[in-house]
Amino acid sequence: MEKHVVVIYPHPDDEAFGAAGTIAKFRNEGVPVTYLCGTLGEMGRNMGTPTYANRESLPGIRKKELIKACEVLDIDLEMLGYRDKTIEFEDRKEMAANLKGYLDKIKPSLVITHYPDYAVHPDHNAFGAAAIEAVAQMNPENRPTIWAQAFSNNHLEALGAPDITNDITPFFDKKLEAILAHDSQANVSLNLQRPNEDPAMDAKERAKLRLGVEQFYTWEF
Amino acid sequence: MKPIEIDKVQEMLQEFENKEVYVHLETTNGAYASHINERAYNVGAYIRNAKLSFSKAKIVGNGRSYRVGLKTEIGWVYAEGLSDWVINEDKQLLLAGHDREGRLMVALEISEAPFK
């Protein structure tokens with residue numbers, strides 16, 4: 001059993017869309033989970049449905065949503081204070097040192113983060129790389145396992161199949177509740193029809209198909 | 001935000017003329033554009049807290065979509081596709097354009113104090 005799990009993602013809602021089922025499974029087993037959230041998603045495009053946020057009010061709104069989602073998932077939260085869309089321009093080493101400070105204190109057995117270069121958003125790629133660098137700087141005997149999440153369109157051909165596949169169907173309602181806590185972001189993402197999807201499918205079934213399995217690659221040093 | 005009322009916005013823009021102001025100018029189609037549709041291109045640009053002064057400001061449009069031009073001493077600031085506006089509690093003029101899903105496509109904001 002894991003001792004403590006640390007989730008390292010840059011945006012409020014990355015935890016909900018990406019790993020909420022896995023997180024809920026760990027919490028169900030009594031494993032403590034801490035989310036190190038890089039930014040407040042200050043530059044998000046989704047302004048609520050119908051629109052109620054603006055560029056200046058969005059960070060405060062997303063902060064409240066993040067806190068609520070972490071309450072839903074029953075996990076600890078640390079907000080790291082970086083700015084959305086700027087993570088890749090920060091000094092990688094400084095960021096890794098900052099993350100390592102948290103890891104040294106929490107001493108997790110497992111870290112969940114984005115797979116660098118295969119996680120679509122530049123913030124995801126850069127924050128994942130910093131998280132992996134933070135763990136790489138630890139003594140090998142103290143290093144937590146890393147599960148790296150890849151979902152770029154080319155990730156399967158580039159990396160092969162992920163070695164961790166969590167069917168989170170038993171926790172899907174919890175995951176949906178965590179996603180819906182991010183009210184300003186949730187609806188557009190859930191409802192937006194993608195070109196490769198059957199338009200006749202109902203919204204919850206589509207969400208289950210998109211989000212009912214969470215996959216990770218165990219990082220090899 | 002609410003749909004742009006051209007006379008009120010014009011009046012507000014003029015309030016900022018010939019003062020030192022801070023401008024946030026942005027356009028984006030999001031970080032996922034080409035992930036969701038491989039025929040799309042990701043584009044985006046923003047400048048936050050550009051410190052400048054403009055001598056003339058004008059809003060032009062057809063009732064749905066508006067353009068704003070700010071004439072500075074040595075150049076211009078321009079935004080197209082603006083549809084909504086608000087003056088927020090910090091007395092900042094926020095203008096934005098949204099797509100059908102309510103997602104921000106363009107923003108032009110002016111403030112006498114730096115944006116946070």
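The values are calculated or read from the model by the stated rules, or taken from the named source; none is laboratory data. Keep in mind that what you see is a predicted model, and the values were worked out from it rather than measured. Ligands, DNA and RNA are stripped out before the accessible areas are found, and what is left, the full protein with its side chains, is counted by its heavy atoms. Shrake-Rupley method; radii C 1.70, N 1.55, O 1.52, S 1.80 Å.
Brief remarks follow.
- Taking the DSSP bridge list for chain A and keeping only pairs wholly inside it, about 25 percent are antiparallel.
- Accessible-area order (highest first, 1.4 angstrom probe) of the listed residues B:E11, B:E89: B:E89, B:E11
- Ordered from highest to lowest accessible area with the whole protein assembly present and a 1.4 Å probe, A:F172, A:F151, A:F89 read as A:F89, A:F151, A:F172.
- Centroid-to-centroid, using Cα positions, region B:1-16 and region A:164-208 are 39 Å apart.
- Coupling constants for region A:62-69 follow from the phi torsions by the Karplus curve (6.51 cos²θ - 1.76 cosθ + 1.60, θ = phi - 60°), and in residue order they are 5, 5, 5, 5, 4, 4, 5, 4 Hz; glycine and proline get x.
- Separation between Cα centres of region A:142-162 and region B:91-112, rounded to whole Å: 37 Å
- Between helix A:122-136 and chain A there is an angle of about 20 degrees, using the helix long axis and the longest principal axis of the Cα atoms.
- Degrees between helix B:6-15 axis and first principal axis of chain B (Cα, 0 to 90, nearest 10): 60 degrees
- 222 nm mean residue ellipticity, helices alone, for the protein assembly as shown (DSSP H n ≥ 4; -39,500 (n - 2.57); rounded to 500): -9500 deg cm²/dmol
- Close amide H pairs (under 5 Å, H built 1.01 Å from N) link A:V33 with A:V5, A:D76, residues at least 5 positions away or on another chain.
- Multiplying each eigenvalue of the alpha-carbon gyration tensor of chain B by 5 and taking the square root yields semi-axes of 25, 16, 13 Å, largest first, rounded to whole angstroms.
- Measuring with a 1.4 angstrom probe and ignoring ligands and nucleic acids, A:D198 comes out at about 80 Å² accessible.
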